[in-house]
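Scroll down for the structure; my scribbles are underneath it.
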Amino acid sequence: MIPPRVLTIGGSDSGGSAGIQADLKTYTAHHVFGLSVLTIVTAQNTVGVQAAHLLPLDFITAQWNAVWGDMGADVIKTGLLGRREVVEFVAAQVQANPVPLVVDPVLVNGQGQLIVAPDVIEAYRTLLFPLAHIVTPNLDEVTHLTGLVVTNVTEACHAATRLVEMGARAALVKGGHLSGPTKIDVLCDGQQMVELTAPTLPIENPHGVGCTFASAIAAQLALGLSLVEAVQAAHAYLQGALRGAQAWRLGRGRQPVRHWLP
């Protein structure tokens with residue numbers, strides 16, 4: 001029996017809240033086997049990133065060849081790619097090995113500040129989006145990708161449609177930064193618009209939410225769910241992880257979500 005496998009390509013968070021670490025915890029919670037290719041290693045905690053080391057492309061390639069050549073994967077999920085050459089590499093590998101691709105376009109930090117060059121954003125638009133099963137930007141990333149400023153659900157729907165027009169099979173615009181008693185994410189697959197709602201929880205700017213949501217979608221796809229079903233199941237899992245985070249206090253900064261559920 002070959003277990004469902006998800007290969008995640010992204011950065012390492014030494015604090016364990018986000019990045020590759022959050023992805024692997026999420027895969028384990030879903031009983032999916034997680035594989036990884038690191039693009040960047042960070043010295044990071046709940047307060048912030050103190051240092052970062054970009055891994056050279058030849059080492060990224062070696063990781064890919066080692067993992068894919070031996071174990072393969074049912075789904076690929078991307079996190080922080082950071083450089084155009086890495087986006088180009090991932091696009092080439094997905095073209096050569098077509099499996100569902102979940103693209104979490106990590107373009108900003110936790111404060112909403114851009115952390116990549118303009119050519120990286122363009123590479124996402126032109127190279128990765130046309131290969132993506134789904135893209136999952138937050139509101140700040142939506143603005144950099146589409147030029148649209150999203151302040152409400154109607155604008156989120158317009159933005160999701162724009163992302164699909166760029167070539168993605170589906171787009172999930174995450175509304176976690178919208179104010180109000182309810183958080184609303186919007187999913188567009190080119191045929192329908194699906195709203196996912198949840199009450200606003202008393203956790204200010206939790207850490208690892210985007211990584212966890214995207215990797216949960218990837219896990220559910222690997223388990224055989226349809227795209228809409230995968231997003232809905234991942235959304236439910238994320239809400240449980242956020243509720244669980246209210247029961248603890250870890251670090252002095254942004255609160256990590258709890259990836260294992262009762």
Determine the gain in length on full extension of the stretch Glu229-Phe59; use 0.36 nm per residue of separation and subtract their C-alpha separation, reporting nm with one decimal. 57.6 nm
State the antiparallel share, in %, of DSSP beta bridges confined to the chain, rounding to the nearest 5. 45
Under a 5 Å amide H to amide H cut-off, with H placed in plane at 1.01 Å, what residues pair with Ser12 once short-range neighbours are removed? Ile20, Thr39, Ile40, Val41, Thr42
Once percent of Cα pairs over 30 Å apart is worked out from the coordinates, which option in [x] 56; [y] 19; [z] 43 does it equal? [y]
So for Met71, Met166, fewest C-beta neighbours within 10 Å to most, what's the order? Met71, Met166
Between Thr151 and Ala92, what FRET efficiency follows from the Cβ-Cβ distance if R0 is 41 Å, with the result rounded to 0.05? 0.65
Label the stretch 1-92 by shape, choosing from rounded, prolate and oblate, from the square roots a ≥ b ≥ c of the eigenvalues of the Cα gyration tensor; if a/c is under 1.5 it is rounded, and otherwise prolate applies when a/b is larger than b/c, oblate when it is not. oblate
Helix by helix through the chain, keep the DSSP H runs that span 24 Å or more along the axis on Cα and average at least 0.0 on Kyte-Doolittle, and give those back in order. 227-245
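Read-outs: derived from the displayed coordinates by stated rules, not from any lab. Treat the numbers as computed from the prediction; the structure is a model and nothing was measured. Every residue, glycine as well, gets a Cβ built from its backbone with ideal geometry; the counts of neighbours run over all protein chains shown.
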